[in-house]
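The block underneath contains the structure these notes are about, expressed in structure tokens.
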Amino acid sequence: MNPLLFQAPILAMLLCLLGSFLCVLLGMIMGRRAVELLSGAMTATTVLLSSLALINVYLLEGPYVYYMGGWPPPVGIPYVIDRFSVPLSLVVSVIFFATMVYSVRYLEKDRDVKWYYSLRFLMQAGMYGLLFTGDMFHIFVMLELMGLSAILLVPFRKEVKAAVEAGIKYGIYDILAISIYYLSTAMIFGMFGSMTIAEISAKLGGYVSPFSGGMFADPSALPVIVALVVWSFAIGAAIVPQHFWLPDAHSMAPSSISAILSGLLVQVNIAVLARILYDGFAAGSHPGGAVGLQLLVILGVASSLVGASFMLVQSDIKRLIAYSTITNLGFIAIGLGVGTSLGVSAAYLHIVNHAFVKASLFMIAGVFIHATGSREIGALRGISKALPGTSLLYTIGTLAAIGFPPLSMFWSKLLLLLSVLSAGGAYQYLVLPMVVSIVFESIAQIRLLAVIYSGEKREVNCHPSLPVILSIGIMISIIVVTGLMPGLLLEFGHLAADDLVNVSGYVDLVLKSFNYPAP
Amino acid sequence: MPYVLVAIMASICIYAALFKSNLFKKMLAIFLMTDAVNLLFIIQGYRLGNAIPPIIPPGMDPSEFASIAVDPLAHYFVVTAVVIGLAEVATLTALIIYTYKHYGTIETKKIKELRG
């Protein structure tokens with residue numbers, strides 16, 4: 001296999017770690033222009049590397065496992081480069097690139113931007129690690145990497161009172177969530193004697209490892225561990241009732257960071273949860289793991305309803321978009337929790353589509369806030385006459401968010417509803433709360449659009465510069481193009497769901513170096 | 001018995017982290033909880049009786065060594081978590097200092113700029 005293609009996803013991650021170091025160094029020696037050039041070039045390279053990895057996995061070699069440091073699992077840390085993780089890593093790269101282009105002009109008036117770019121790189125590295133890793137303890141380390149940099153980026157404008165408050169609130173709850181996850185890893189270690197995700201599900205099926213033997217304890221206590229894992233990731237992914245930090249953190253952060261937090265961070269959290277539940281605790285077949293799926297459905301329904309109803313009463317544009325994130329995360333949780341192959345692929349597509357839509361909405365909201373100097377929805381009256389291009393982009397983004405037919409999120413929402421209906425049993429009644437929250441969300445978003453298009457032409461403080469419009473344009477064009485090619489989209493979702501739900505395939509892939517199944 | 005102690009410690013810490021109103025106490029509770037988990041790892045890796053440290057003595061048969069040595073994997077986890085804990089302390093302390101500069105207090109009940 002071509003060594004560059006083979007190493008591309010890991011190179012992208014290492015490049016981010018290197019970039020984080022170099023940003024601070026260059027910022028001290030040469031000033032901000034050099035930092036911006038360097039981080040721009042490095043983020044562009046990560047996009048290239050992720051695309052190479054995608055081509056490799058889809059067209060050339062198929063899924064494979066990268067052994068970190070050459071140690072095969074369960075001794076070392078496996079990086080599972082499969083059709084579930086690689087497309088998500090490309091989404092991460094693209095959104096980081098777009099927000100990179102956006103932040104150069106957006107943060108013109110801020111000082112100390114070298115720390116901003118450095119922390120952004122750390123967060124990107126953490127996301128790659130989380131998506132690829134096949135080791136429970138490595139997930140803990142990468143959660144810290146991603147979480148701590150996000151916590152420090154929320155109050156980046158530290159002279160703003162409310163930003164610091166949002167930062168400390170997010171900090172306390174996110175670190176608590178990670179500590180709870182750490183507790184659950186200790187319990188997993190006690191029960192399975194191994195931290196490799198593939199070995200955990202293999203041991204639940206009766207596999208005896210050449211290193212750690214079989215199960216250390218009876219799996220009847222598994223639901224406790226599953227509940228702890230779901231709890232910790234529910235805080236990270238802002239699923240009701242652990243959502244209270246999200247509207248504050250996402251609305252007080254600089255808009256380029258809100259786009260990443262809302263478009264990627266919560267989605268990465270829920271993708272990792274799906275990986276742990278399906279491939280680690282064998283949620284499809286083992287009753288202990290299935291508890292996690294039922295929890296996800298219940299929390300998802302609550303989340304979509306609460307998020308959508310709070311959207312109706314918001315007067316701050318960024319808070320409105322933040323509550324919309326909670327609603328959509330609820331939909332994703334429902335799709336994952338239903339557990340059918342259709343449900344998982346719908347949830348996967350919703351993760352991808354929602355990432356682009358929400359990131360672009362936050363980026364445009366940043367432009368509006370700069371132009372009007374206010375976050376209130378009422379202040380946006382007449383903005384469409386002053387900034388017609390940006391308003392048009394915002395309209396496309398909003399229509400995509402409420403699921404207007406040819407745009408990308410229409411397909412994933414349709415698939416989610418279909419998957420719930422076809423799941424049968426009590427699950428088919430979930431279609432009612434889902435439709436209610438879709439309607440609530442649409443009302444709130446269309447009300448915002450109506451404000452933008454009403455009123456007389458008004459004065460604005462500044463017009464968005466070309467790079468800002470360009471970066472938003474990239475995102476919006478991705479939304480439109482993916483919406484026009486539903487066949488390709490469905491194919492991606494189907495293959496990703498296959499790789500996620502097929503536990504034995506995953507275990508074979510990761511443990512094949514030790515002749516699994518052992519005699 | 002040690003497991004019960006760990007469980008009690010972890011539950012008290014989660015309670016304190018959620019319901020204490022002083023930010024510094026919340027932070028301490030979170031780190032005490034991490035320490036409780038560290039203790040859990042150490043207990044799981046330890047062997048009662050004539051256990052030896054996980055360094056293979058010269059001339060000893062590896063399988064005999066494996067049957068009496070304590071588990072080094074648990075130590076690895078704890079060391080990693082302690083290092084990560086340092087980063088957490090630094091982050092949260094910095095944020096608490098900024099909160100105090102802006103609001104003049106670290107009681108969450110008196111900080112009411114935002115409504116979650």
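Values quoted throughout were computed directly from the atomic coordinates according to the rules given, and no laboratory measurement underlies them. Keep in mind that what you see is a predicted model, and the values were worked out from it rather than measured. When we count neighbours, we look across all protein chains shown, and the Cβ atoms used for this are built from the backbone with ideal geometry, even at glycine.
Which of rounded, prolate, oblate describes segment A:380-490, given a ≥ b ≥ c as roots of the alpha-carbon gyration tensor eigenvalues and a/c under 1.5 marking rounded, otherwise prolate only if a/b is larger than b/c? Oblate, since a/c reaches 1.5 and b/c is not below a/b. Remark: relative contact order (segment A:345-503) = 41 percent; criterion is Cα-Cα distance under 8 angstrom and separation of 6 or more residues. The calculated FRET efficiency for the pair B:Tyr15 and A:Ala227, based on their C-beta separation and a Förster distance of 22 Å, comes to about 0.85.
A Cβ-based charge dipole, computed about the Cα centre of segment B:2-113 with Lys and Arg at +1 and Asp and Glu at -1, lands at about 780 debye. Working value for segment B:2-113: equivalent-ellipsoid semi-axes of 41, 16, 6 Å, each the square root of 5 times a Cα gyration tensor eigenvalue, largest first.
Roughly speaking, what is the stretch gain from A:Leu490 to A:Glu456, that is 0.36 nm per residue apart minus the C-alpha to C-alpha distance, in nm to one decimal?
In short, 7.9 nm is gained.
Gyration tensor analysis over the Cα atoms of the protein assembly as shown returns equivalent ellipsoid semi-axes of 39, 28, 25 Å (largest first, whole Å). In this label model, A:Ile446 and B:Thr80 are separated by 5.1 nm, measuring between points 7 Å along each Cα→Cβ vector.
Estimated from the Cβ-Cβ distance and a Förster radius of 51 angstrom, the FRET efficiency linking B:Lys112 and A:Leu60 is about 0.35. For the pair B:Ile43 and B:Ser63, the difference between a 0.36 nm per residue extended length and the Cα-Cα distance amounts to 5.0 nm. Relative to the longest principal axis of the Cα atoms of chain A, the long axis of helix A:317-338 lies at roughly 20 degrees. About its Cα centre, the dipole of chain A is roughly 1280 debye, where the only charges are +1 on Lys and Arg Cβ and -1 on Asp and Glu Cβ. Size descriptors for segment A:444-519: radius of gyration and Dmax over Cα atoms are 23.9, 78 Å. Each of A:Trp411, A:Trp231 was scored by other Cβ atoms within 10 Å of its Cβ. Listed from fewest to most, they are A:Trp231, A:Trp411. Relative contact order for chain A: 15 percent, from Cα pairs under 8 Å spaced at least 6 residues apart, divided by residue count.
Expected output is a single nm value to one decimal: the length gained when fully extending between A:Phe211 and A:Phe404, i.e. 0.36 nm times separation in residues minus the C-alpha distance. What is it? Can you show the working numbers first?
Working: separation 193, 0.36 × 193 = 69.48 nm, distance 5.34 nm.
The A:Phe211-A:Phe404 span can extend by a further 64.1 nm.
Using a Förster distance of 35 Å, how high is the FRET efficiency between A:Glu159 and A:Ile298, based on the Cβ-Cβ distance and rounded to 0.05? Between A:Glu159 and A:Ile298 the formula returns 0.25. Between A:Gln428 and A:Leu5, the simple label model (points 7 Å from Cα in the Cβ direction) yields a spacing of 4.6 nm.
If you wrap the Cα atoms of segment A:78-160 in a convex hull and average its projected area over all directions, you get 5.8 nm².
Each Lys or Arg adds one and each Asp or Glu subtracts one; over the other residues with Cβ under 15 Å from the Cβ of A:Glu108, this totals +4.
For the cross-link pairs A:Lys109/B:Lys112; A:Lys114/B:Lys109; A:Lys109/A:Lys385; A:Lys169/B:Lys112; A:Lys109/A:Lys318, the ones whose C-alpha atoms lie over 23 Å apart are A:Lys109/B:Lys112; A:Lys114/B:Lys109; A:Lys109/A:Lys385.
Taking a ≥ b ≥ c as the square roots of the eigenvalues of the Cα gyration tensor of segment A:2-79, is the shape rounded (a/c under 1.5), prolate (a/b larger than b/c) or oblate? It comes out oblate by the Cα gyration axes. May I ask for the distance between the Cα centers of segment A:91-166 and segment B:1-43, given as a whole number of Å? Cα centres, segment A:91-166 to segment B:1-43: 28 Å. Note on A:Ser220 and A:Leu414: the model spin-label points, each 7 Å out from Cα along the C-beta direction, lie 4.9 nm apart. Below 8 Å, C-alpha to C-alpha, sequence gap of six or more: please give me the relative contact order for segment B:2-113 in percent. For segment B:2-113, the relative contact order is 28 percent.
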